[in-house]
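This report concerns only the one structure given below.
Please treat every number below as a calculation from the coordinates, not as lab data. Values in this document were obtained by computation on a predicted structure and should not be read as measured data. Don't worry about glycine lacking a Cβ; one is built from the backbone with ideal geometry, like all the others, and counts go over all protein chains shown.
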Amino acid sequence: MKIYKILSLSLMALTFSSCANNEDENFQAPTSENVQNRSENTLQYTSANEKTLIVGAQTAGCVGVAPMQCLQVKETPNANWTNFYSHIQGFNYVAGYEYVLRVKVQHIANPPADGSSIAYTLVKVVSKVKK
């Protein structure tokens, strides 16, 4: 019985001491430096600001990487409609409605080769009017 207690205590001591020793040489504790310098597969935003976009009631055919339907967007009421090739995260477009959106614009430090260098995120739907 005494031998089992000694073996149990020895195993527990080994277990606790091995937990304290981090043998993973690739492990890096998070620091402000290595969080900023993530791998290229992670999008890094360098700056962000907000802008207002007016989204038209209909999409239009356009060609990006392949033929697709683009939102029609302008920044002021008197401007001409332009094709919007990107996606607005959080925005669910419904044809037949004209929207005024407040979006966050973020510049991506290391964008993918086939992706945009700007990310758009919906902040608020200011208005949605049936057209």
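So the values come out like this:
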{"read-out": "Projected label distance in nm at residue 113 and residue 80, using a 7 Å step from Cα toward the beta-carbon", "value": "3.3"}
{"read-out": "Amide proton proximity set for residue 109, modelled H, under 5 Å, gap of 5+", "value": "44, 45, 46"}
{"read-out": "Cα pair count fraction exceeding 23 Å, expressed as % - the stretch 40-130", "value": "25"}
{"read-out": "Inter-site label distance for residue 50 and residue 92 at 7 Å from Cα along Cβ, in nm", "value": "2.2"}
